[in-house]
1. Which of 154, 233 has the fewest other C-beta atoms within 10 Å, and how do the rest follow up to the most?
2. Considering only DSSP beta bridges where both residues belong to the chain, give the percentage that are antiparallel (nearest 5).
3. Once you order the gyration tensor axes a ≥ b ≥ c over the Cα atoms, which shape class does region 202-340 get: rounded for a/c under 1.5, otherwise prolate or oblate by comparing a/b with b/c?
4. Divide by every residue of the chain the summed helix terms, -39500 (n - 2.57) for each DSSP H run of at least 4, and state the resulting mean residue ellipticity at 222 nm, rounded to the nearest 500 deg cm²/dmol.
5. With a/c under 1.5 counting as rounded, go ahead and sort the chain into rounded, prolate or oblate using the C-alpha gyration tensor (a ≥ b ≥ c being the square roots of the eigenvalues; past the cut-off, prolate if a/b is larger than b/c, else oblate).
6. Using the number of other C-beta atoms within 10 angstrom as an exposure proxy, rank 343, 297, 248 with the fewest first.
7. For region 192-251, what class follows from the C-alpha gyration tensor (a ≥ b ≥ c being the square roots of its eigenvalues): rounded when a/c is under 1.5, otherwise prolate if a/b is larger than b/c, else oblate?
8. Most exposed first by the Cβ proxy, i.e. fewest other Cβ within 10 Å, how do 285, 12, 262 rank?
Ligand SMILES: Cc1cc2nc3c(=O)[nH]c(=O)nc-3n(C[C@H](O)[C@H](O)[C@H](O)COP(=O)(O)OP(=O)(O)OC[C@H]3O[C@@H](n4cnc5c(N)ncnc54)[C@H](O)[C@@H]3O)c2cc1C
């Protein structure tokens, strides 16, 4: 197992932000992952699991404990059953399933990071979420010290949430299993209106899975949502805020604020999100509160391609990023009475 001391964490994150870890361990097998976790837990050392670092905001002070980089490998496809080791690069795994003619995760192409992190926040984009295809997750349970298998029901998936996010220090994901669909090379039914428009089909139709993947990648690239080291608009964690879900009273109060501020004819985005709940768009709120693309004067700014991505223009600190995030949260709250919640995980720092 590779081990470094006082190791910079910023290069392991897509923001390229944050101070060093007292100790950084790289684990290449499930046994190495488990051994490293047991060692940290046995000695009472704080533990930070790092996959691709694409959803992490690490404080400028770094992490005073063991950072465990999951670098395990394993891609096994048996018919429509897929098993991925936690360290597999997600977007490469998606490409391989599409090459094999399978459907179910083709619209999740281009999402950075590791396979093992996908169940943590129930990764989703362009009408698909991993919760629709995950059947089981193998994990190390730090509470019992055992290797366990959780079914999709055990994972308690919801919008950008799961049991793993609910209880963040309990499970270390080792393997994820998926049930994909063999639709003769066709995609799953296209659900997302923007993707359907770009493909020139009606929502609910199927297209070639390869074409669906390429279309999503092109849409994402136009928004700075595919990693490109040369493009500071992608030095981000993707969407920095989740879309707010409002109950009936909150939605009524929100609508009243929108009408008072922007006029009675303004209709904010509103999507059903379960019994009595409405999801609105964080990007819309941010934009209408005056934080448009490219907003900011300092080294942390809103992406020039997507209102929802906060970015490091190259010389930012985590504090610069958090100052911008706080400004956006306060501005949206002042304008619409809605409190935005950050999507990336904050380590040794807070909004
Ligand atoms: C340009 C860009 C675009 C993005 N687009 C999307 C998108 O469309 N949809 C979306 O949902 N997300 C998106 N994201 C966010 C991010 O890519 C996903 O959340 C991704 O799954 C994070 O994976 P990771 O391996 O980088 O996790 P990390 O950032 O390394 O970790 C994230 C969290 O998961 C924990 N973790 C990681 N691996 C494990 C493991 N094996 N076991 C237990 N805990 C673990 C970490 O401790 C941390 O709490 C985007 C990010 C970027 C930079």
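1. Going from sparsest to densest Cβ surroundings: 154, 233.
2. 75 percent
3. oblate
4. That comes out to -7500 deg cm²/dmol.
5. oblate
6. 297, 248, 343
7. It comes out oblate by the Cα gyration axes.
8. In order of increasing Cβ crowding within 10 Å: 262, 12, 285.
Just so you know, all these numbers are worked out from the coordinates, no wet-lab data involved. Everything quoted here is computed from the prediction, not taken from an experiment. So basically every Cβ, Gly included, is an ideal-geometry build from the backbone, and we count neighbours across all protein chains shown.
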